[in-house]
1. Checking the structure you have, find out if any residue of segment A:25-40 is over 21 Å from B:D80 (Cβ atoms), more than 9 Å from chain B (Cβ to nearest Cβ), over 10 Å from the mean Cα position of the chain (by Cα) and of a type in the set (G, A, S).
2. Among (1) within 16 Å of A:F105 (Cβ to Cβ); (2) within 13 Å of the chain's Cα centre (by Cα), there is one condition B:S52 misses while meeting the rest; what is its number?
3. Any residue in segment A:86-94 that is in contact with a helix residue (DSSP H, G or I) (Cβ under 8 Å, 6 or more places away or on another chain) and open to solvent by less than 40 Å² (accessible area, probe 1.4 Å)?
4. Enumerate the pairs (first residue in segment A:76-97 and closer than 14 Å to B:C94 by Cβ; second residue anywhere and aromatic (F, W, Y)) with beta-carbon separation below 7 Å, excluding pairs fewer than 6 apart on the same chain, so at least 6 apart or on different chains.
5. Provide a single number: the residues in segment A:1-23 that are at pLDDT below 95 and closer than 19 Å to A:Q72 by Cα.
6. Return the residues of segment B:61-88 that are away from chain A (no Cβ under 14 Å), at pLDDT 95 or above and not in a strand (DSSP E or B); say none if nothing qualifies.
7. Take A:G108 and tell me if it is at pLDDT 95 or above, open to solvent by less than 30 Å² (accessible area, probe 1.4 Å), more than 13 Å from A:D22 (Cα to Cα) and not β-branched (V, I, T).
8. Mind counting the residues in segment B:40-57 that are touching a strand residue (DSSP E or B) at 6+ places or on another chain (Cβ under 9 Å), outside any loop (DSSP other than H, G, I, E, B) and at pLDDT 95 or above?
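The values are calculated or read from the model by the stated rules, or taken from the named source; none is laboratory data. On a predicted model such as this, the values are computed, not experimentally measured, just so you know. Every residue, glycine as well, gets a Cβ built from its backbone with ideal geometry; the counts of neighbours run over all protein chains shown. Side chains are part of the model used for accessible areas, which takes the heavy atoms of the whole protein and leaves out ligands, DNA and RNA. Shrake-Rupley method; radii C 1.70, N 1.55, O 1.52, S 1.80 Å.
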Number of protein chains: 2
Amino acid sequence: MDPLAALDFSKGNGLVTAIAQDHATGEILMVAHMNEQSLRETLARGEVVYWSRSRGLWHKGEQSGNVQKLKQLRIDCDGDAVLLSVEQIGRAACHTGKRLCFFRFWNGSEWVDDGEQVFDPASVYGSR
Amino acid sequence: MDPLAALDFSKGNGLVTAIAQDHATGEILMVAHMNEQSLRETLARGEVVYWSRSRGLWHKGEQSGNVQKLKQLRIDCDGDAVLLSVEQIGRAACHTGKRLCFFRFWNGSEWVDDGEQVFDPASVYGSR
């Protein structure tokens, strides 16, 4: 069976929503998108490959070393979203150097950053 | 401060991705979308209001009773996704009657349904 047969890429113009969850802690690390090719490569490699409007096919962590090993792949009821249970290699999922992307919460009057800064993005990606 | 000032609705044609996570267990219940109005109503009500292409403004659980009480709102680094930490009222988040929407996983050769069926959709929504 082709795993992609259960997916519906039509609603998202060729993309599905991809949520990465830490397999050990249950924390949501990030959310991005996948197209058919990125999902096939994810399954073939056992490491997460997203699709990015700016980067194209994006093997997460290829540059930073912060790859995500796929532990389990789930799809939702509508087939237009996938939930990736991953092992985050390296300490950070977020390009900002935070451990995860959802590092701001609304406290009723402002956004509060409670994220853990685990690397300096300039030292990993160079200045930009 | 207007909480929506930190959000970027432009990349998603007026929508952001909205992920609902059970505040107690860390389980991902569902993923959907929000527009500006739905996010404002969510904050005003303290219950999650999504935006659906088919339903429009969608106060989750209005019909089924399975509302989601908002415990915490987070945004991601790019401002185009929100993570809703919720208390799921009633037993199910999914319109299929499963407890959560990501009830199928890929076992390497087929999709396996390990979801818990907590209601019969026909009895809640009527036949359709």
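1. Among the residues of segment A:25-40, not one is over 21 Å from B:D80 (Cβ atoms), more than 9 Å from chain B (Cβ to nearest Cβ), over 10 Å from the mean Cα position of the chain (by Cα) and of a type in the set (G, A, S), which makes the answer no.
2. (1)
3. No, because not a single residue in segment A:86-94 is in contact with a helix residue (DSSP H, G or I) (Cβ under 8 Å, 6 or more places away or on another chain) and open to solvent by less than 40 Å² (accessible area, probe 1.4 Å).
4. A:D76/B:F102; A:L83/B:F102
5. Of the residues in segment A:1-23, 1 are at pLDDT below 95 and closer than 19 Å to A:Q72 by Cα.
6. B:V67
7. Taking the combined requirement at face value, the residue does not satisfy it.
8. Residues meeting the conditions: 10.
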